[in-house]
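The values are calculated or read from the model by the stated rules, or taken from the named source; none is laboratory data. This one's a predicted model, so the numbers in the text were calculated from it and none came from an experiment. Neighbour counts are summed over all protein chains in view; Cβ atoms, including those assigned to glycine, are modelled from backbone coordinates with ideal geometry. All accessible areas refer to the heavy atoms of the entire protein, side chains included, with ligands and DNA or RNA removed. Shrake-Rupley method; radii C 1.70, N 1.55, O 1.52, S 1.80 Å.
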Amino acid sequence: MPDSWESRYFDNPTNGAADVDSDHDGLNNWQEYVADTVPTNNRSALSIDVRALTDDHCIRFYSSANRLYTLQFSTNLFPTPNWQTIRVRVPGEGGEMELSDINGDPQGYYRLRVNLP
């Protein structure tokens, strides 16, 4: 994690251990850095809301203008998910954002991947 990021949230460039979940929201500090969320605020975490609109599925989430998002879908999680990419490296808008799956399967699972630009 960059020293500037650690200094911003932990008052020192060496205080933020990457594998620690400082705010107990289920994401460790490295994941918070990649998602561009606040590692000391448990209400600042990446989550998605999926809504079915007829045949389309709308995936809503709060995005960062400093990150890229990839939406994936799988019909099963076990024994091994077969993730299919729906949208690739979409730039974040810096607020609530929607990605649509126009061929949404009536049953399945979505995941949202976050990447640094």
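On a per residue basis, region 1-92 carries 61 Å² of accessible surface, using protein heavy atoms and a 1.4 Å probe.
Under the simplified labelling scheme, the residue 98-residue 12 pair shows an inter-label distance of 4.7 nm, with each label point 7 Å from Cα along Cα→Cβ. Extension gain for residue 116 to residue 20 (0.36 nm times residue separation, less C-alpha to C-alpha distance): 32.5 nm.
Pick from 11, 25, 56 the residue whose mean-square fluctuation is largest in a GNM of the chain, springs joining Cα atoms under 10 Å. Evaluated over the chain, the most mobile residue of the options is 11.
Take the alpha-carbon positions of region 30-117, form their convex hull, and give its projected area averaged over all directions (one quarter of the hull surface) in nm². Before the final figure, lay out the partial values.
On the way: hull surface 24.5 nm².
Averaging across all directions leaves 6.1 nm² for the Cα convex hull.
Taken along the Cα-to-beta-carbon direction at a fixed 7 Å, the label points for residue 89 and residue 68 span 0.3 nm. Sequence-distant contacts, meaning Cα pairs under 8 Å at least 6 residues apart, place the relative contact order of region 70-117 at 51 percent.
Taking R0 as 25 Å, what FRET efficiency do you get between residue 44 and residue 3 from their Cβ-Cβ distance, rounded to the nearest 0.05? Intermediate values should be presented prior to the final figure.
Values: r = 21 Å, r/R0 = 0.83.
E between residue 44 and residue 3, to the nearest 0.05, is 0.75.
Restricting region 27-117 to GluC sites (Glu not before Pro) that sit in a DSSP loop and have at most 16 other Cβ atoms within 10 Å of their own Cβ leaves 93.
A simple packing score, the average count of other Cβ atoms within 10 Å per residue, orders the peptides 68-77, 108-117 as 68-77, 108-117, with the highest score first. When the solvent-accessible area of the chain is split by element, carbon and sulfur atoms take up 45 percent of it, the probe being 1.4 Å.
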